[in-house]
Amino acid sequence: MKRLLLTLGLVAIAAIGAACSSSAAARPVPSGPVDANGPTIVAKDMAFSPATVEIAANKNVTIHFDNQDSAPHNVAIYKDASASEKISVGDVVSSSKKDQVVPALAAGSYFFRCDVHTNMTGTLLVK
Ligand SMILES: [Cu+2]
């Protein structure tokens, strides 16, 4: 009986741990294969280059962010310019590169921006 209780206790702890780790991941973690050959988005002189980036639809894709400014930037992808629905919010970095996996998206036009400088914007075309 004691062993059963111990087992149940461990299961409960494991379940709590799983719940916490999934809620801690604010961005969706894509499952399945990831296309590592996604586009590079450069941030330089407080602007994204290119400002329009294209990726394939229905496929997890790694975007390569290259922040060449000393100012902090990220690539934050939202459903649209209202920035109310997050799709993939990358880490804020300065003078460095950061890869970011964008989960598979349906074809369409999406919005991205730097969350620190919200006037830095771009368009993600998913085809
Ligand atoms: Cu910025």
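The values are calculated or read from the model by the stated rules, or taken from the named source; none is laboratory data. A quick note: this is a predicted structure, and the numbers were derived from the prediction, not measured. When we count neighbours, we look across all protein chains shown, and the Cβ atoms used for this are built from the backbone with ideal geometry, even at glycine. Surface areas here come from the heavy atoms of the whole protein model, side chains and all, with no ligands, DNA or RNA. Shrake-Rupley method; radii C 1.70, N 1.55, O 1.52, S 1.80 Å.
Assorted remarks:
- Scan of the stretch 60-78 for residues that are open to solvent by 80 Å² or more (accessible area, probe 1.4 Å) and within 16 Å of the chain's Cα centre (by Cα), ordered by number: none
- You will find that of ALA81, ALA104, ALA57, the residue that is modelled with pLDDT of 95 or more, within 12 Å of the chain's Cα centre (by Cα), more than 15 Å from the ligand (Cβ to nearest atom) and in a loop (DSSP other than H, G, I, E, B) is ALA104 and no other.
- Checking ASP115, ASP69, ASP99, ASP91 one by one, the residue that is of a type outside the set (A, V, I, L, M, F, W, C), closer than 23 Å to GLY32 by Cβ and within 13 Å of the ligand (Cβ to nearest atom) is ASP91 and no other.
- Residue ID - farthest from PRO30 (Cα to Cα), chosen from residues in the stretch 118-127 that are within 15 Å of the ligand (Cβ to nearest atom) and surrounded by fewer than 14 Cβ atoms within 10 Å (Cβ to Cβ): ASN119
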